[in-house]
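These notes concern the structure reproduced below.
The values are calculated or read from the model by the stated rules, or taken from the named source; none is laboratory data. All values reported here derive from a predicted model rather than from experimental measurement. Counting neighbours? That spans all protein chains shown, and the Cβs are built from the backbone with ideal geometry, glycine included. The protein model used for the area step is the full one, side chains on, heavy atoms only, and it has no ligands, DNA or RNA in it. Shrake-Rupley method; radii C 1.70, N 1.55, O 1.52, S 1.80 Å.
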Amino acid sequence: MRFLILFLLSIFTFAQTNDTINLNEFQLMDYSKYKQFRPKYEKVIRLTDHTTYGIKVFSTLHLPDEDEIEIVAIEILFESKIKKKNYCNEYYYFKPIILENKNFNMSLIDDKWFEVNKDYAGKYIFPVHLKINLKQVQNFLIGYETHYENPFCPEGNGYFDLIETKSTSTLFYGVNEQLLEQNSLKNHAINYRLYYR
């Protein structure tokens, strides 16, 4: 009983200390007036998260060929075929992150958690505001962190898409506050689209 009370308290604390937003509200926003950019890719690959504590995944941030842009939204795409869904958690939490490089721990965008329905319909758009001078960009990374309400799920907690990019790209997993390069997934990136002006 004591364990159950502590577990419920930790969930409530997480929800209160993090600005959690339901992503379905943002799917209704119209981003069609903005320019769009998506890395060129050859195929989409599904990545299943078998952890109970959530993951951090980062990849090279590919950007359009312009001098300066202001990113207004990041769209995370889910396009791989779903063979089996896991319903241990009806929702999980998802935080988009942009880093200046792999040694830079602070995100360049607001630190906000978004609530994701496990029955998502294919894409989620995260509103952000980030100006980037592309002449100064060196090794920016785009990524996300996940968190689950029920950490005792016996199956995979969630899934994500990777794309095999046509240009050079590096994928990292976050482990103990360090980003470890995944040599087995060379030229892979998370599946995203940028909306910018």
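Brief remarks on what is shown
Let's see how each residue does on (1) at pLDDT 85 or above; (2) at negative phi; (3) within 12 Å of the chain's Cα centre (by Cα):
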residue: 148; (1), (2), (3): no, yes, no
residue: 151; (1), (2), (3): no, yes, no
residue: 164; (1), (2), (3): yes, yes, no
residue: 177; (1), (2), (3): no, no, no
residue: 187; (1), (2), (3): yes, no, no
residue: 196; (1), (2), (3): yes, yes, no
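- Of all the residues in region 134-193, those that are surrounded by 14 or more Cβ atoms within 10 Å (Cβ to Cβ) and not in a loop (DSSP other than H, G, I, E, B) number 27.
- Some residue of region 87-94 being open to solvent by 30 Å² or more (accessible area, probe 1.4 Å), part of a strand (DSSP E or B), modelled with pLDDT under 55 and of a type outside the set (A, V, I, L, M): no
- Listed by position, the strands (runs of 3 or more DSSP E) contained in region 1-82 that have at least 1 residues being within 19 Å of residue 150 (Cβ to Cβ) and either touching a helix residue (DSSP H, G or I) at 6+ places or on another chain (Cβ under 6 Å) or at pLDDT below 55 (or both) are 20-22.
- In region 52-81, the residues that are over 22 Å from residue 164 (Cα atoms) and among the aliphatic types (A, V, I, L, M) form Cβ pairs under 7 Å with partners that are open to solvent by 40 Å² or more (accessible area, probe 1.4 Å) and in a loop (DSSP other than H, G, I, E, B), at six or more places apart or across chains, as follows: 72/34; 72/197.
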